[in-house]
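The values are calculated or read from the model by the stated rules, or taken from the named source; none is laboratory data. Bear in mind the structure is a predicted one, so any value in this text is a computation, not a measurement. When we count neighbours, we look across all protein chains shown, and the Cβ atoms used for this are built from the backbone with ideal geometry, even at glycine.
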């Protein structure tokens, strides 16, 4: 059995999920980690008994001859670290979600991967949840007829929590392409998420090319959850991370059916499919084109708020329209005082990203 050498850039909280994923796949050997924060590096080294540790990711990439590289850094480092990783020509790179902070960065990442013949995946690991995969199968089989509307409720910023929900909409519908987006945002506090400016609240509508329309509420409607409700011509499907509920006009007797499917840990399944992708057996569910699609919808919501119009796809603005609005004064802060909703992840005396 061939062994694939894996390394992780960034030893924060999400890196643990990447490590557990790799350790759960026999074909992968986790051999190296890199992080400039010594306490994070030391804790990770001890927890997973990893001997090859670096405070410089580029040194790790130069020395270790890795087959698989995880980028588990804060969002602002996704693009530069992915591009750096691709330049060392591993067989695959798995970058955490969101893919990047704007479309220009997404495209640069995909160009770097293509130029170096690297398979690039984005860590939307919920695509590997047994409940989500079962829901996708039910919708594809016609259990709710023609999907018409999806409603999802999220929090903590569009790029953070809500990128999963927009990716969920596409995954459940077998990855249709967005046609247009309309949305609006509120940002009256100086709010950030891991160093990235985010909105206080937002709402978005996206039209997919299969006819379905997705509706996303961010901190506008509770309860927040990783899931949503799909309304079709012949039924309703409601899901979260563990459970699927189906109400279909085709069911006899008529009533709600509930599924709680069991299956492999999604991080392990994500890593296992990475090996199968390297070996040309499957296309990875997290292929970068899907990660980019979620970012494009988010940028479309921001661009709709900036231009006060329906935004036709593709989005042509390569930087973040939210950052443009902040920089030009179109979103004046009315309650001053910058704060980061992920500051609790910082170590030692650090309070700001």
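Only residues that are at positive phi and either out of contact with any helix residue (DSSP H, G or I) (no Cβ under 9 Å at 6 or more places or on another chain) or not assigned by TED's automatic domain parsing to the domain that holds residue 84 (or both): list them for region 7-53, please.
49 - this is the single residue of region 7-53 that is at positive phi and either out of contact with any helix residue (DSSP H, G or I) (no Cβ under 9 Å at 6 or more places or on another chain) or not assigned by TED's automatic domain parsing to the domain that holds residue 84 (or both).
Within region 105-112, is there a residue that is assigned to a strand (DSSP E or B) and touching a residue at least 24 places away in the same chain (Cβ under 8 Å)?
no
Give the number of residues within region 137-171 that are more than 18 Å from residue 295 (Cβ to Cβ), out of contact with any strand residue (DSSP E or B) (no Cβ under 8 Å at 6 or more places or on another chain) and part of a helix (DSSP H, G or I).
Final tally of qualifying residues: 2.
For residue 202, work out the one condition from (1) in contact with a strand residue (DSSP E or B) (Cβ under 9 Å, 6 or more places away or on another chain); (2) touching a residue at least 60 places away in the same chain (Cβ under 8 Å); (3) assigned to a helix (DSSP H, G or I) it doesn't fulfil.
Answer for residue 202: the failing condition is (3).
Wholly within region 1-58, which strands (runs of 3 or more DSSP E) include no fewer than the required count, namely at least 2 residues that are surrounded by 23 or more Cβ atoms within 10 Å (Cβ to Cβ)?
Correct list: 4-9, 28-34.
Looking at region 309-318 only, could you name the residues that are farther than 14 Å from residue 183 by Cα and surrounded by 15 or more Cβ atoms within 10 Å (Cβ to Cβ)?
Matches in region 309-318: 317 only.
Pick out the one residue from 101, 82 that is closer than 21 Å to residue 198 by Cβ and either buried (at least 20 other Cβ atoms within 10 Å of the Cβ) or in the same structural domain as residue 68 (by TED's automatic domain parsing) (or both).
101
When you check residue 306 against the structure, is it outside the structural domain of residue 187 (by TED's automatic domain parsing) and not in a loop (DSSP other than H, G, I, E, B), yes or no?
no
State whether one or more residues within region 327-337 are surrounded by 11 or more Cβ atoms within 10 Å (Cβ to Cβ) and closer than 22 Å to residue 165 by Cβ.
No, there is no match, as no residue in region 327-337 is surrounded by 11 or more Cβ atoms within 10 Å (Cβ to Cβ) and closer than 22 Å to residue 165 by Cβ.
How many residues does region 315-336 contain that are out of contact with any helix residue (DSSP H, G or I) (no Cβ under 7 Å at 6 or more places or on another chain) and either within 28 Å of residue 208 (Cβ to Cβ) or not assigned by TED's automatic domain parsing to the domain that holds residue 189 (or both)?
Final tally of qualifying residues: 2.
Scan region 340-353 for residues that are out of contact with any helix residue (DSSP H, G or I) (no Cβ under 8 Å at 6 or more places or on another chain), modelled with pLDDT under 95 and outside any loop (DSSP other than H, G, I, E, B) and report the count.
2
Go through the residues of region 188-200 one by one and say whether even a single one is closer than 25 Å to residue 279 by Cα, at pLDDT 95 or above, surrounded by fewer than 18 Cβ atoms within 10 Å (Cβ to Cβ) and not assigned by TED's automatic domain parsing to the domain that holds residue 9.
no
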